[in-house]
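J.: Encoded as structure tokens, here's the structure I'll be asking about.
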């Protein structure tokens, strides 16, 4: 008799375990069905249409213009082109001064201060004027 109770107990435990496992899958199915149902859209205030971002307004040299600019700057002082991306960035700032209508003396003074330092400890006023000319003739006309 004890053996029959033991078998029933094992069978009952197996059924409960099997049912528990099935309930786990059932919950996943219910959740999947709930997720598949279309949800009502959240009511958020409508945003006005965003304007596309404005370009920086600073001219940027293309590949050919950059090559010409680098040649001109290297002629003035080889250290000016030690880092091409930095030289282009500084040249674009010089161009911004030109396009901004600043007077020649200010443009040259700013060019000198932008390009001095690091690989070029100092520049003459004549070299600063040549930098401005190089920027104008390469891409900033």
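J.: Taking the simple approach of a point 7 Å from Cα along Cα-to-Cβ for both residue 126 and residue 99, what is their distance in nm?
T.: If labels sit at residue 126 and residue 99, their model points lie 3.2 nm apart.
J.: If each of residue 116 and residue 71 carries a label point 7 Å out from its Cα toward its Cβ, how far apart are those two points in nm?
T.: 3.0
J.: While we're looking at this one, here's another question. In angstroms, what radius of gyration and Dmax does the stretch 55-136 have, counting Cα atoms only?
T.: Cα radius of gyration and Dmax of the stretch 55-136 are 11.6, 33 Å respectively.
We did not get these values from a lab; they are worked out from the coordinates using the rules stated. All figures in this text were calculated on a predicted structure; none of them were measured in a lab. Please note: Cβ atoms are built from the backbone with ideal geometry, for glycine as well, and neighbour counts cover all protein chains shown.
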